[in-house]
Amino acid sequence: MHSLAVDLIGKGGGLALLWDKEVFVDLVSFSRYHMDARVQLREGEDYWRFTGFYGEPDF
């Protein structure tokens, strides 16, 4: 199992992306608010895009 984690700040936030060792993940960018990656489930197949984000609900 592989993973990338962005720590929480105080009692909120934090992001995590976990993937099986047989899956190829090309991390494009990340910050404390987002993760952006290209994912390939099997060799020779097309990539798909994963984008996860977190935003503080500041009204």
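Worth a mention:
- Under the condition of being assigned to a strand (DSSP E or B) and either of a type in the set (Phe, Trp, Tyr) or over 12 Å from PHE53 (Cβ atoms) (or both), the residues counted in segment 18-36 number 8.
- Cβ-Cβ under 9 Å pairs, at least 6 apart or on other chains, segment 31-45 side of a type in the set (Val, Ile, Thr), far side in a loop (DSSP other than H, G, I, E, B): VAL39/VAL23; VAL39/TYR47
- For segment 1-17, a tally of residues being over 15 Å from GLY52 (Cβ atoms) and among the β-branched types (Val, Ile, Thr) returns 1.
- Residue in segment 37-53 that is in a loop (DSSP other than H, G, I, E, B), out of contact with any helix residue (DSSP H, G or I) (no Cβ under 9 Å at 6 or more places or on another chain) and at pLDDT below 85 present: no
- The C-beta contact set for segment 1-12 (first residue modelled with pLDDT under 85 and assigned to a loop (DSSP other than H, G, I, E, B), second residue among the small types (Gly, Ala, Ser) and surrounded by 10 or more Cβ atoms within 10 Å (Cβ to Cβ), distance under 9 angstrom, 6+ apart or interchain) comprises ASP7/GLY13; ASP7/GLY14; LEU8/GLY14.
- In segment 7-31, of all residues being in contact with a Phe, Trp or Tyr (Cβ under 8 Å, 6 or more places away or on another chain) and on the phi < 0 side of the Ramachandran plot, the one that is surrounded by the fewest Cβ atoms within 10 Å (Cβ to Cβ) corresponds to ASP26.
The values are calculated or read from the model by the stated rules, or taken from the named source; none is laboratory data. It should be emphasised that the depicted structure is a prediction, and the values quoted were computed from it without experimental measurement. Every residue, glycine as well, gets a Cβ built from its backbone with ideal geometry; the counts of neighbours run over all protein chains shown.
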